1. When the residues of the range 94-118 are filtered to those that are open to solvent by 20 Å² or more (accessible area, probe 1.4 Å) and hydroxyl-bearing (S, T, Y), which remaining residue is farthest from G157 (Cα to Cα)?
2. Applying the selection to the range 63-86, what residues are charged (D, E, K, R) and open to solvent by less than 10 Å² (accessible area, probe 1.4 Å)?
3. Look through R89, R8 and report the one residue that is surrounded by fewer than 17 Cβ atoms within 10 Å (Cβ to Cβ), assigned to a helix (DSSP H, G or I) and not hydrophobic (A, V, I, L, M, F, W, C).
4. Taking the range 22-47 only, how many residues are part of a helix (DSSP H, G or I) and either over 14 Å from I65 (Cα atoms) or in contact with a Pro (Cβ under 8 Å, 6 or more places away or on another chain) (or both)?
5. Out of (1) part of a helix (DSSP H, G or I); (2) in contact (Cβ under 8 Å) with a residue 60 or more places away in the chain; (3) closer than 23 Å to A20 by Cα, the odd one out for A69 is which?
Amino acid sequence: AWIRNTARHGREPWRFVLKAFAWGAVFSVIIAIIFSLVLIVTLGQIRSLNEFLARRFSDPNLSLIILGAVIVAPIVEEAAKGLGVRAGRPELQGLRDGLVYGAAAGLGFSATENLFYGINVLLAPDGGATASLAIIAIRSFSSSFLHASASAVVGYGLAKSWLTRRTWAFVPYYLIAVIMHASFNLLTVLGQVYATQYGEIGEAV
């Protein structure tokens, strides 16, 4: 609602904003899961990439986390969320409209992702309701802003592509969103990287 209401005039119709949100929450998540698995398996066949990661991270699980979080997730998820922007295409009149629909799709995706994380913590042996609510609250003020802002950039690029009828005009914006997402994910896994090398002190720092 806040993002939609930032426009002083010609605010986007609620039905299209909510449609973009729902698209991001359901279909973008399904698409991202399927293509993430495909891309991880594909990249796992590239020997040079695996050797590069193995030289830098002694823990194979950590290498897989780096591959999935920093490389695969940004590429796949930003593309999947971008498809949700199409829900607002009939009402698209300016470049800023793309920001609104992109952010809506990103927030929908984030809502489902946060729910998954919350359920995972809730069912974990050392988790529980309190821990589940805490992780959802923390992610709502961290990853949700990331998903909304990165998808808004993609939405802006798609709006530019559609309004100018230049098919590939969105590509630079998509790449910016991927870099934003990858940088955020890298920061989130650095604690695990340093924990492997230096223990709890490294993770805390």
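The values are calculated or read from the model by the stated rules, or taken from the named source; none is laboratory data. Everything quoted here is computed from the prediction, not taken from an experiment. Here the Cβ is made from the backbone with ideal geometry for all residues, glycine too, and neighbour counts use every protein chain on show. Areas reflect the complete protein model, heavy atoms only, side chains present, ligands, DNA and RNA absent. Shrake-Rupley method; radii C 1.70, N 1.55, O 1.52, S 1.80 Å.
1. Y117
2. Taking the range 63-86 and keeping what is charged (D, E, K, R), we get 77-78, 81, 86.
E78, K81, listed by residue number.
3. Of R89, R8, the one residue that is surrounded by fewer than 17 Cβ atoms within 10 Å (Cβ to Cβ), assigned to a helix (DSSP H, G or I) and not hydrophobic (A, V, I, L, M, F, W, C) is R89.
4. Within the range 22-47, the first condition is being part of a helix (DSSP H, G or I), and the residues that meet it are 22-25, 27-43, 47.
From what is left, the residues that are either over 14 Å from I65 (Cα atoms) or in contact with a Pro (Cβ under 8 Å, 6 or more places away or on another chain) (or both) are 22-25, 27-35, 38, 42, 47.
Selection size over the range 22-47: 16.
5. A69 satisfies all of (1) part of a helix (DSSP H, G or I); (2) in contact (Cβ under 8 Å) with a residue 60 or more places away in the chain; (3) closer than 23 Å to A20 by Cα except (3).
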